[in-house]
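Here is the structure we will look at.
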Amino acid sequence: MQVKIVGDKLGAGKRLSGTYTIPGDKSISHRSVILGAMAKGITEVKGFLTGEDCLSTIRCFQLLGVEINLEGTSLTINSSGSFSPPLNTLDVGNSGTTLRLVTGLLAGQVFNTTITGDASLQKRPMERVTIPLSLMGSNIIGKYAPISIKGRQLKGINYTLPVASAQVKSAILLAGLYAEGETIIEEPIPTRDHTEIMLKYFGADIAKKGNLIISRRASTPLKPQSITIPGDISSAAFLMVAASILPKSRILIKDVGVNPTRTGIIHVLKRMGADIRFHNERVNCGEAIADIEIRYAPLKATIISGVEIPTLIDEIPAIAVAALFAEGKTIIKNAQELRVKETDRIQTISEELSKFFDKTPIIPKQDGMVIQGGFTLNGAEFNSHGDHRLAMSLAIAALAAQGDSMVCNSQCVDISFPGFFQILQIHS
Ligand code: S3P
């Protein structure tokens, strides 16, 4: 699918206004299926993200013998609390979160499984998960998908995460729930803690002490729950940036998850001068939620590095667009993880955003990029490389460019933000 985006003609004053609701959080949606499948009984989920990645997680657990029904964005999971061996290889498509977390869970089962994904997922590193799982006693073959898992009785470990990754942490925690003894994970740099929050909500024996996460196998299965999933701040990011670069914009995004391990985008945009306010702040199912108001304000450059990176890793494509409209030079470093996302995002962001200019204002670095803002963007033809967040970043930049643009290969937005083009009134 290719989508045409009509750019902002000089003086036309294109802007965003009104109230938006966005699809459910992708990370929390995955976890709701996984924990609902581990619990014995009926778990009800509202606000589920029906994007391709989360549908892959549902399919996976259906093949593992769990009864799951999806109606609109409501999910009912009816599980015996245990799994049956799948008849075939589990194929999780493009979903890295499904691959990593489910590998952790399968390592602790008593049967053998093979799990794989699409061509892009087969290039993403799995040793970060298989090494700690092997230390727990699992028998796993494959550095990349397909991964073959021979179920074993696991034992708990004491493990320091060498890469700041919530997927790795979650895989170990899920395996730990099937292991003998205690599992202790040391997390030098904090990452999103949705697994810990939801495990606690489902009654697991899990505690946090400083930068340690300690869990023990429960004597009874997890208890089924009712969950309402907040809007995904990673999707809200595109609207926040669009409103911050289109003069006179003013929008309200309702019911957005604002877990502090995910709000790096808010801190960065505010530092850049964006006008962002929280309303109606509350907590539901252990997760912080707010309505977010954004009004246009001129942006200035910033530096993004260190512990802030995991709190905004998925938002860097959108932040790169904000940086193009900011006064000065924005520096992003310590973000080498971008190289192993859905695409090598340092390369694809630099390559595609550069097409807006005769002379590129973006210098890619090994662990980030340097972006000089303030040049006029001219519409062009782009390729998403099948990366949903790149497609959406190109689309919002194109809205503020002079002249029209085309984003090719844009179907992938459905992975995390079904309805993205409609919400922005962009038609193919
Ligand atoms: C995710 C963790 C992050 C993030 C991904 C979703 C999760 O990946 O980039 O989109 O749901 O746990 P890493 O754990 O590899 O940093």
Next on the checklist: Is it the case, given these coordinates, that LEU105 is over 20 Å from the mean Cα position of the chain (by Cα) and either away from the ligand (no atom under 13 Å from the Cβ) or in contact (Cβ under 8 Å) with a residue 60 or more places away in the chain (or both)?
Outcome noted: no
Checklist entry - Say we look at the range 280-333 and pick out the residues that are closer than 19 Å to ASN259 by Cα and of a type in the set (D, E, K, R); which of these is nearest to the chain's Cα centre (by Cα)? => result ASP314
Checklist entry - Looking at GLY306, is it surrounded by fewer than 18 Cβ atoms within 10 Å (Cβ to Cβ) and more than 30 Å from GLY203 (Cα to Cα)? => result yes
Checklist entry - With respect to the numbered conditions (1) closer than 24 Å to THR50 by Cα; (2) more than 16 Å from the ligand (Cβ to nearest atom); (3) hydroxyl-bearing (Ser, Thr, Tyr); (4) open to solvent by less than 30 Å² (accessible area, probe 1.4 Å), which one is the sole condition not fulfilled by SER226? => result (4)
Checklist entry - In the range 109-124, what residues are open to solvent by 10 Å² or more (accessible area, probe 1.4 Å) and not polar (S, T, N, Q)? => result VAL110, PHE111, ASP118, ALA119, LYS123, ARG124
Item to check | Selection count where residues are open to solvent by 60 Å² or more (accessible area, probe 1.4 Å) and more than 12 Å from LEU90 (Cβ to Cβ), scope the range 53-70 | outcome: 3
Item to check | Qualifying residue in the range 209-223 (condition: among the basic types (Lys, Arg) and within 16 Å of the ligand (Cβ to nearest atom)) | outcome: no
Checklist outcome for this item: Conditions (1) in contact with a helix residue (DSSP H, G or I) (Cβ under 8 Å, 6 or more places away or on another chain); (2) not in a strand (DSSP E or B) -> VAL256 fails only (2)
Next on the checklist: Condition check: of a type outside the set (Lys, Arg), in a helix (DSSP H, G or I), within 15 Å of the ligand (Cβ to nearest atom) and under 30 Å from ARG295 (Cα atoms). Does ALA237 satisfy that?
Outcome noted: yes
Next on the checklist: Here is a check on your reading of the model: is ILE251 over 19 Å from THR97 (Cβ atoms), β-branched (Val, Ile, Thr), more than 22 Å from the chain's Cα centre (by Cα) and surrounded by 15 or more Cβ atoms within 10 Å (Cβ to Cβ)?
Outcome noted: yes
Checklist entry - Which residues, taken from the range 151-184, are modelled with pLDDT under 95 and among the charged types (D, E, K, R)? => result ARG152
Checklist entry - Can you find a residue in the range 44-60 that is aromatic (Phe, Trp, Tyr) and within 16 Å of the ligand (Cβ to nearest atom)? => result yes
Checklist outcome for this item: Within the range 352-366, of all residues that are open to solvent by 40 Å² or more (accessible area, probe 1.4 Å) and polar (S, T, N, Q), the one farthest from the ligand (Cβ to nearest atom) is THR360
Checklist entry - Just one of ILE316, ILE349, ILE292 is within 13 Å of the ligand (Cβ to nearest atom) and open to solvent by less than 20 Å² (accessible area, probe 1.4 Å); which is it? => result ILE316
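The values are calculated or read from the model by the stated rules, or taken from the named source; none is laboratory data. On a predicted model such as this, the values are computed, not experimentally measured, just so you know. Note that each Cβ is placed from the backbone with ideal geometry, even for glycine, and that neighbours are counted across all protein chains shown. The area values use the complete protein model at the heavy-atom level, side chains included, leaving out ligands, DNA and RNA. Shrake-Rupley method; radii C 1.70, N 1.55, O 1.52, S 1.80 Å.
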